[in-house]
Amino acid sequence: MEIEALRDDEMINHASSSSAEGKINGRVNIKLLGIFRRAYGSDTIRVKIEKNIQLRELIQELVDSSEDLRRVLIDPELETPLPNAVILLNGKDISVLNGLETPIKDGDEIVLIPVIHGG
């Protein structure tokens, strides 16, 4: 698997060495809000997908391209973004879909919204 992480109007390429069978070519837009935008350095990321991929894999690729984003998005103990973010896929909270296992397809829009913890 190969990823090229770029900022602003550039694109992350998510490629696999898998066979042509089951391949999907498409683009996904990811919108980052609040601290996620500041950590990544951009509010919108376009990702080119070239295989079947689940949301969990896409987020992993994204945080692998930015250590600052990993630090604010991924809970270090649980190793998941869920305590720190509300994640929307095409306007729906992923909790009403298939969570992080939700398949991603061409044209999808993912929004990462930071959760504020207090006590």
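The values are calculated or read from the model by the stated rules, or taken from the named source; none is laboratory data. Since the structure is predicted, the reported quantities are computational estimates derived from the model, not experimental observations. FYI the Cβ positions are ideal-geometry reconstructions off the backbone, even for glycines, and counts take in every protein chain you see.
Pro76 falls short on exactly one of the conditions (1) of a type outside the set (S, T, N, Q); (2) surrounded by fewer than 16 Cβ atoms within 10 Å (Cβ to Cβ); (3) farther than 16 Å from His117 by Cα, and that condition is (3). Within the span defined as the range 88-103, every residue fails to be of a type in the set (Gly, Ala, Ser) and buried (at least 18 other Cβ atoms within 10 Å of the Cβ).
For every residue, the table says whether it meets (1) at pLDDT 60 or above; (2) surrounded by 16 or more Cβ atoms within 10 Å (Cβ to Cβ); (3) farther than 27 Å from Ser95 by Cβ.
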| residue | (1), (2), (3) |
| --- | --- |
| Ala20 | no, no, yes |
| Lys23 | no, no, yes |
| Lys31 | yes, yes, no |
| Gly34 | yes, no, no |
| Ser42 | yes, yes, no |
| Lys51 | yes, yes, no |
| Asp64 | yes, no, no |
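Considered as a group, the residues in the range 50-102 that are among the acidic types (Asp, Glu) and assigned to a helix (DSSP H, G or I) include one that is farthest from Ile35 (Cα to Cα), and that residue is Glu101. Among the residues of the range 103-119, those identified as acidic (Asp, Glu) and assigned to a loop (DSSP other than H, G, I, E, B) are Asp106, Asp108.
In summary, Arg70 fulfils each of the numbered conditions (1) exposed (fewer than 14 other Cβ atoms within 10 Å of the Cβ); (2) out of contact with any strand residue (DSSP E or B) (no Cβ under 9 Å at 6 or more places or on another chain); (3) more than 19 Å from Val28 (Cα to Cα); (4) of a type outside the set (Asp, Glu) with the single exception of condition (1).
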